[in-house]
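Coordinate-derived values only; no laboratory data. Here the structure is a predicted model, which is why all the values come from computation and not from measurement. Neighbour counts are summed over all protein chains in view; Cβ atoms, including those assigned to glycine, are modelled from backbone coordinates with ideal geometry.
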Amino acid sequence: MKRILVTGGAGYIGSITCVQLIAAGLQPVILDNLHNAKAAVIDRIEQVAGQRPAFVQGDIRDRALLDHLLREHAIDAVIHFAGLKAVGESVAQPLSYYDNNVHGTLVLIEAMRDAGVRTLVFSSSATVYGDATQMPLREDTPTSATNPYGRTKLMVEQILADVVASDPAWSMTALRYFNPVGAHPSGLMGEDPQGVPNNLMPFIAQVAVGRREALRIFGRDYPTPDGTGMRDYIHVMDLADGHLAALNHAHGRAGLHVFNLGTGHGNSVLEMLAAFGRACGRELPHEFAPRRPGDVAACWADPTRAESQLGWCATRTLDQMCADTWRWQSTHPNGYES
Ligand code: NAD
Ligand code: WQD
């Protein structure tokens, strides 16, 4: 397995995964419609990895394009990152989410079937655990969804299971990411959200660089040690390495494989803010605000299945996550357009 189609490979996690794929001697072929990414990312992958990946600007819902790409590049396996990911936006625009994330995945799987490509690694999410309260979350913890985005991830996981059941030649892997943060340690690649960041880490980073005044902490009365929400933050480099481990594992192993990719530890919002303050060298302004609707108090993974079956575990610390984010954000205050 050498030539890997990477849908959404110009995005935050996909682009850094491409660097790690190249480092491992694989050849990523990126398909991305640049809905949430900049073309400049491809130059950065080349700069960091020392090799330019093939890049096609296009949409996963374009069946003719997929047919062409899978054959032209003799693709061996697909890592499928492409999709929309903003929870609030999914409530306002559910049809776009079902179209991109569910219909888009169907088009991709049909094209793979017809091209004889039977290995898929899919970006799922801890969001499939819904509002589960029993921690840590294991892969057999019951799943549910609390918003349209989460439903798209759950639906795709169910589609993968049905496809595998219908044809044992498939090897499908759903990777349930916890909270990806951090940047490439070179400081040349990182998260570049458009508009006001929805997620904690990019918001803190923009406060640190002076783009935003203060962090608003959503809720200080959760049943957690300091009252703020706890999450399992995982370094994007560890996540990228998890995809390599999943590809290696998939080789010759048919069926549906589901793995949590997390550290197994939760950190609170206040702990994150303090850690980032250490990385950037000053205390960061914050204020308390009401709980954000739909948030759970705490969420962290049991990552032992990935450790035992993939031989993968997260190794980067919270301080590395913050230091690497700060290196990227401070040198690129306006992201890739800096
Ligand atoms: P991202 O938005 O940076 O990357 C997704 C990429 O897909 C973007 O470059 C976008 O332009 C592209 N894309 C979207 N729709 C497309 C389409 N129809 N055709 C072609 N390209 C398309 O997001 P990310 O953070 O890198 O996330 C990657 C994947 O991981 C997503 O599927 C997301 O749902 C999932 N995920 C992300 C997180 C997170 O917190 N970042 C957590 C869990 C799961
Ligand atoms: C983390 C903590 C907030 C912003 C989301 C999606 C999930 C997954 C990852 C894709 C919470 C608090 C945040 C702020 C704050 N994405 N917070 N002030 O909600 O765990 O997960 O991203 O699959 O599906 O729901 O991550 O980074 O938004 O929030 O206090 O300005 O930070 O309340 O406790 P979340 P997050």
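What residue, among those in region 274-305 that are of a type in the set (D, E) and touching a Gly at 6+ places or on another chain (Cβ under 9 Å), is farthest from T143 (Cα to Cα)? It comes out as E283. May I ask you to verify whether A82 is under 20 Å from the mean Cα position of the chain (by Cα), within 20 Å of H243 (Cα to Cα) and more than 15 Å from ligand 1 (Cβ to nearest atom)? When the stated conditions are applied, A82 does not pass them. When region 54-71 is filtered for residues that are surrounded by 22 or more Cβ atoms within 10 Å (Cβ to Cβ) and either within 16 Å of ligand 2 (Cβ to nearest atom) or of a type in the set (D, E) (or both), nothing remains.
Would you confirm, using the coordinates I've provided, whether A161 is in contact with a strand residue (DSSP E or B) (Cβ under 6 Å, 6 or more places away or on another chain) and either outside any loop (DSSP other than H, G, I, E, B) or more than 16 Å from ligand 2 (Cβ to nearest atom) (or both)? Answer is yes for this residue.
For the criterion of being part of a helix (DSSP H, G or I) and either within 21 Å of the chain's Cα centre (by Cα) or within 13 Å of ligand 1 (Cβ to nearest atom) (or both), L65 passes. Within region 134-189, being within 16 Å of ligand 1 (Cβ to nearest atom), farther than 30 Å from D43 by Cα and of a type in the set (A, V, I, L, M) holds for L137, A145, L154, M155, V156, I159, L160, M172. Please enumerate the residues belonging to region 228-243 that are more than 8 Å from ligand 2 (Cβ to nearest atom) and not β-branched (V, I, T). Matches in region 228-243: D232, Y233, H235, M237, D238, L239, A240, D241, G242, H243.
From the residues in region 114-137 that are of a type in the set (D, E, K, R) and surrounded by fewer than 15 Cβ atoms within 10 Å (Cβ to Cβ), which one is farthest from ligand 2 (Cβ to nearest atom)? So, considering only residues that are of a type in the set (D, E, K, R) and surrounded by fewer than 15 Cβ atoms within 10 Å (Cβ to Cβ), the one farthest from ligand 2 (Cβ to nearest atom) is D114. Would you say T146 is polar (S, T, N, Q) and either over 21 Å from G88 (Cβ atoms) or not in a loop (DSSP other than H, G, I, E, B) (or both)? Criteria not met by T146. All conditions in (1) touching an Asp or Glu at 6+ places or on another chain (Cβ under 8 Å); (2) closer than 30 Å to G311 by Cβ; (3) of a type in the set (A, V, I, L, M, F, W, C) hold for A245, with the sole exception of (1).
Working only within region 295-338, note down all residues that are of a type outside the set (A, V, I, L, M) and in contact with a Ser or Thr (Cβ under 6 Å, 6 or more places away or on another chain). Once the filter is applied, which keeps residues that are of a type outside the set (A, V, I, L, M) and in contact with a Ser or Thr (Cβ under 6 Å, 6 or more places away or on another chain), region 295-338 yields only H332. Checking each residue in region 229-268 for being surrounded by fewer than 23 Cβ atoms within 10 Å (Cβ to Cβ) and among the hydroxyl-bearing types (S, T, Y) picks out only S268.
A single member of A74, A111 is at positive phi and either away from ligand 2 (no atom under 16 Å from the Cβ) or surrounded by 16 or more Cβ atoms within 10 Å (Cβ to Cβ) (or both), and it is A74. Of everything in region 224-259 that's of a type in the set (D, E) and under 12 Å from Y177 (Cβ atoms), which residue is farthest from ligand 1 (Cβ to nearest atom)? Across region 224-259, the extreme among qualifying residues is D238. Restricted to region 22-53, and to residues there that are under 21 Å from A250 (Cα atoms) and surrounded by fewer than 24 Cβ atoms within 10 Å (Cβ to Cβ), the residue that is farthest from the chain's Cα centre (by Cα) is G25.
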